[in-house]
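Down below is the structure, laid out as structure tokens.
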Amino acid sequence: MSERAARVEQPDERGDPLVVVDELRSYYESERLLGGKPVKAVDGVSFEIRRGETLGIVGESGCGKTTLGRTLVRLEEATDGTVRYDGTDVTTLSGTELKRWRKNAQLVFQDPTASLNERQTVGAVIREPLEAHSWGDPHSRRERVYDLLELVGLAPEHYYRYPHQFSGGQKQRIGIARALALEPDFLVLDEPVSALDVSVQAKILNLLSDLQAELDLTYLLIAHDLSVVRHVCDRVGVMYLGKLMELGPSEELFSDPANPYTQSLLSAIPKPDPSAPFQRLPLRGTPPSPRDPPSGCVFSTRCPLKIRPDIEGNHDLSRAQWEAIDRFREVLRERDLADVTFVERLRERLGLSTRFTPIPTVAEELLGDVSFPDSVEAALSRAVDRAAEGEVSAARAELADALGGVCEREQPVRHDVGEGHSSRCHRHLEAYADADDVLEGEDGVGGVLEGL
Ligand SMILES: Nc1ncnc2c1ncn2[C@@H]1O[C@H](COP(=O)(O)OP(=O)(O)OP(=O)(O)O)[C@@H](O)[C@H]1O
């Protein structure tokens, strides 16, 4: 949480990497009932955190922020990839080595009330990690707890009180004291202020900033409140569906976001910076399931700047027409994932009522008022027919073949878009620099494309 101005002027004084994350994956296995597909909570994420810096991680609910933080401190097991801490890959540590390493990396939880044992005194709560690691003798542990209470702005008499006697902000101070007990170098702060009143949030953020300077701490700060991240973090990573879409210096990322997802996320802030050079982009709908992420770019199903395929008829389509098609494809996607029983499929085939709106009705509502070039119309009606027969996956494949472009086919690689600033988007490729023809001039989107 150092001063940004100072950082920009003296880039060489930034610390060496303390945590280096390479192609990290963290999946949750599913029950067979749910199709057996794992939830890809973190899916190939790479970045580093320098000593003494605060790296922010933002993204919508469910994008994998908490899983990433928990995997970094080994509260979740990595499925693949490495997390190097001071040069050691900690994903493979076990036994005493793991226990010894755990002291270095701690987590501060979002909800201080839920994370504190109400039956223990504050002293016992903070002492717990010291006891678990056989730190010192009982006397020195007690002394250490008194020191920690003072460090986080609490008083010695709080030692024998119970968590319920404290306000939310004080409880978070207790949580921070506990996290600091074993003198870690690295803290994952998982939404540390989002459960607190706004007036208390600044105090806790100031405390964390002071502690960072005093104890030379390195932070990963997970937050959904973008203004917190902007003011507190040195660099920011933007996550979407388990992937890091953009990573860059805070101020640059907020004032000049390179990735359409970041732009959409910032556009969704009620009061965006009016002087921001980028255009507002709509952030429609909700993210798809991480159990079945889209092929190609994970943001492709919602991206307002999706590159359209260069095939006959497509160039005549307006943005509104593409949006109608996208909405219809989204319904097919959801229907494909829904738990449709055999009986429901049969009823659907026979034209009987089910708990789902029949696909032809959906198609009529979403596409009926829109006219399309012949080739597009033909692809759509083939897909409607197949979906109406219960072959939703085949209908989806049909439309992907006919109307999907590079964003649906290929995962974008990481592009450097500035110093220490990277973004994953096909739009950064020369080959797609002119791919804006279907969008240009509508809703100011052409202006955004120029900035990419
Ligand atoms: N223990 C678990 N078992 C199965 N799936 C899980 C588990 N924990 C999280 N998930 C799923 O993993 C995905 C990522 O969740 P995660 O909590 O990491 O996201 P998040 O960005 O922190 O969300 P939020 O801001 O809502 O906390 C979500 O789809 C979530 O439902």
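Assorted remarks:
For every residue, the table says whether it meets (1) of a type outside the set (D, E, K, R); (2) touching a His at 6+ places or on another chain (Cβ under 8 Å); (3) outside the structural domain of R235 (by TED's automatic domain parsing).
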residue: E23; (1), (2), (3): no, no, no
residue: Y28; (1), (2), (3): yes, no, no
residue: P38; (1), (2), (3): yes, no, no
residue: D43; (1), (2), (3): no, no, no
residue: L55; (1), (2), (3): yes, no, no
residue: S61; (1), (2), (3): yes, yes, no
residue: L68; (1), (2), (3): yes, no, no
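- Check on A276, assigned to a loop (DSSP other than H, G, I, E, B), at pLDDT 85 or above and over 20 Å from R409 (Cα atoms): no
- The numbered conditions (1) among the β-branched types (V, I, T); (2) in contact (Cβ under 8 Å) with a residue 40 or more places away in the chain; (3) out of contact with any helix residue (DSSP H, G or I) (no Cβ under 8 Å at 6 or more places or on another chain) are all true for V236 except (3).
- Among the residues here, V384 qualifies as more than 26 Å from the chain's Cα centre (by Cα) and modelled with pLDDT of 85 or more.
- Restricting the range 37-53 to residues that are under 13 Å from the mean Cα position of the chain (by Cα) and buried (at least 22 other Cβ atoms within 10 Å of the Cβ), the residue that is nearest to the ligand (Cβ to nearest atom) is A41.
Per-residue answers, yes or no, for (1) polar (S, T, N, Q); (2) more than 16 Å from the ligand (Cβ to nearest atom):
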| residue | (1), (2) |
| --- | --- |
| D225 | no, no |
| H231 | no, yes |
| L244 | no, no |
| T286 | yes, no |
| P293 | no, no |
| V298 | no, no |
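- Selection from the range 36-49 of residues that are of a type outside the set (D, E) and closer than 18 Å to E246 by Cβ: V42, G44, V45, S46, F47, I49
- Verdict on Q165 being closer than 24 Å to V21 by Cα, of a type in the set (S, T, N, Q) and over 23 Å from the mean Cα position of the chain (by Cα): no
- Failed item, numbered, when F299 is tested on (1) modelled with pLDDT of 95 or more; (2) assigned by TED's automatic domain parsing to the domain that holds K40: (2)
- Hits in the range 319-334 (condition: modelled with pLDDT of 80 or more and not aliphatic (A, V, I, L, M)): Q321, W322, E323, D326, R327, F328, R329, E330, R333, E334
- Residue among L34, L72 that alone is assigned by TED's automatic domain parsing to the domain that holds V200, modelled with pLDDT of 95 or more and either over 20 Å from the mean Cα position of the chain (by Cα) or of a type outside the set (G, A, S) (or both): L72
- Applying a threshold of 6 Å to beta carbon distances and a minimum spacing of six or more residues, or different chains, the list of pairs starting in the range 54-82 at a residue that is near the ligand (Cβ under 7 Å from one of its atoms) and ending at one that is assigned to a helix (DSSP H, G or I) reads G59/K65.
The values are calculated or read from the model by the stated rules, or taken from the named source; none is laboratory data. Given the structure is predicted, the values throughout are model-derived calculations rather than measurements. Every residue, glycine among them, receives a Cβ derived from its backbone with ideal geometry; neighbour counts consider all protein chains shown.
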